1. Considering only residues that are closer than 18 Å to I90 by Cβ and surrounded by fewer than 16 Cβ atoms within 10 Å (Cβ to Cβ), look in region 201-212 and name the one that is nearest to the chain's Cα centre (by Cα).
2. Please give the number of the condition A75 fails out of (1) in contact with a helix residue (DSSP H, G or I) (Cβ under 6 Å, 6 or more places away or on another chain); (2) open to solvent by 20 Å² or more (accessible area, probe 1.4 Å); (3) at pLDDT 95 or above.
3. Restricting attention to region 213-229, does a residue exist that is out of contact with any Cys (no Cβ under 6 Å at 6 or more places or on another chain), touching a residue at least 12 places away in the same chain (Cβ under 8 Å), hydroxyl-bearing (S, T, Y) and assigned to a loop (DSSP other than H, G, I, E, B)?
4. Tell me yes or no: at least one residue of region 182-200 is within 29 Å of T25 (Cβ to Cβ), open to solvent by 60 Å² or more (accessible area, probe 1.4 Å), at pLDDT 95 or above and in a helix (DSSP H, G or I).
5. Can you say whether A164 is assigned to a helix (DSSP H, G or I), open to solvent by 20 Å² or more (accessible area, probe 1.4 Å), modelled with pLDDT under 95 and within 24 Å of L247 (Cβ to Cβ), as far as the supplied structure shows?
6. Restricting the search to region 213-247, which residues are surrounded by fewer than 21 Cβ atoms within 10 Å (Cβ to Cβ) and within 21 Å of the chain's Cα centre (by Cα)?
7. What are the residues in region 108-123 that are modelled with pLDDT under 80, of a type outside the set (F, W, Y) and either open to solvent by less than 50 Å² (accessible area, probe 1.4 Å) or within 19 Å of A35 (Cβ to Cβ) (or both), if any?
8. Pairs, please: C-beta under 7 Å, at least 6 apart or cross-chain, first residue closer than 20 Å to P143 by Cβ and part of a helix (DSSP H, G or I) and in region 42-54, second among the aliphatic types (A, V, I, L, M) and open to solvent by 80 Å² or more (accessible area, probe 1.4 Å)?
Amino acid sequence: MSVSTIHDIGYRHYDGKRLGRAYVTRSMFVHNLRATYGLGRPARAKVMPFVLAGIMMLPAVGDIAVVAIAKQPKALFAYTRYQFMLQLIISIFVATQAPVLASREIRFHVVPLYFSRPTGHLDFVLAKLGAFTTALFALTAVPITTLYIGGLVTQVPHSGKQLAHFLGGLAGCLLLSLVLAAIGMVVAAFTPRRGFGVAAVIAVLVVSSALVSILQGITEHTGHWTLSGWLALFTPFNLVDTVSYRLLGGPMSAPSAPPGTGGGLAALALCAAIVLGAVAVLYARFRKAGLS
C-alpha cells in the first residue's frame, strides 16, 4: 500500500495585492507592441521593422533638406499624402509583423494559457489590435511629425491652416493604422504558418490595390467616372484617402474618389465596419483556439 506525501520544495507564496484584469490587459498590450518592433526578441527580429521604419523616414528627411537648401516652402510634402506615397513599405510592414501578433500563439497552441488568467477573450483581442494599431501609427505619424517640425525649423510659413493640415494628417494616419491592423490581423490569424501569413497579407493589400486600379481604368475609359470613384472603397489605402480628401480637407492621392461629403461618410462608415468586423472575427478565432 503506497502512502502519498506532500513535499515542500520551497516555492514562495504570494500574499500581495492581485493586480487584476486591467493590469493583465495592459501588460499584453505592452508585450505585443514591443514584439511588433522585435524588442525583447532576437536581433534578427528587429531587422525588418527598423529597416522599414528607417525607409519611411528617408523621404521626409530628404524633403526637409530640399526645402531648407532651395528655399522652396511649397516643396514640403502634404501631410495627408505621405502615407499613400509609401504604401508599399507600409504594406510590407503589415505583412511581416501581423503574423507575429496574430498567429504565433495559435501556431504553438499556447492561447489557452492566456485564458487561465483573469483576462477575457475580448481583452486579448483588443490588446493585440491596439498594440498593432499603435505600432502602425508610430510608423506613419513620426515621418509627418518630422515634416511639420522641419517646416517650422526651415521657416515654412506657419499658420493655423498649416497646423490643421498636420492634425488632419495625424487623423488619417490613425484611421489607416486601424484599418490595416484589422485587415492584417484577421488574415494572419487564419494562416498560422508565418510564411503563408506574410504572402496572404501582401496578396490582400497589394493585389487588391492593383485589381482596383485596373477596374478603375476600365470604368474611366468607358466614361463611368462615378463608378470609378466608388471602386476606390475596395482597397484600404484608397478608402482612407477618400476620408482624408472628403472629410479632412487634404489633397486627393488616389486617381478618383466617391463624390461629395456623402462619399466621405460612406468611406468612414466602411472603415468602422472593417474594424468592428475584425474585432468580432478575431474574438471568435481566439476563443476557438483557447478551447483547443
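The values are calculated or read from the model by the stated rules, or taken from the named source; none is laboratory data. If you're wondering where the values come from, they're calculated on a predicted model, not measured in any experiment. Using ideal geometry, Cβ is built from the backbone for each residue, glycine included, and neighbour counts are taken over all protein chains shown. Each accessible area value is taken on the protein alone, full model and side chains, heavy atoms only, with ligands, DNA and RNA left out. Shrake-Rupley method; radii C 1.70, N 1.55, O 1.52, S 1.80 Å.
1. Applying the filter and picking the extreme gives A203.
2. With (1) in contact with a helix residue (DSSP H, G or I) (Cβ under 6 Å, 6 or more places away or on another chain); (2) open to solvent by 20 Å² or more (accessible area, probe 1.4 Å); (3) at pLDDT 95 or above applied to A75, the lone miss is (3).
3. There is no residue in region 213-229 that is out of contact with any Cys (no Cβ under 6 Å at 6 or more places or on another chain), touching a residue at least 12 places away in the same chain (Cβ under 8 Å), hydroxyl-bearing (S, T, Y) and assigned to a loop (DSSP other than H, G, I, E, B).
4. The answer is no, given that none of the residues of region 182-200 is within 29 Å of T25 (Cβ to Cβ), open to solvent by 60 Å² or more (accessible area, probe 1.4 Å), at pLDDT 95 or above and in a helix (DSSP H, G or I).
5. yes
6. L233, F234, L247
7. H109, V110, V111, P112, L113, R117, T119, G120 - these are the residues of region 108-123 that are modelled with pLDDT under 80, of a type outside the set (F, W, Y) and either open to solvent by less than 50 Å² (accessible area, probe 1.4 Å) or within 19 Å of A35 (Cβ to Cβ) (or both).
8. none
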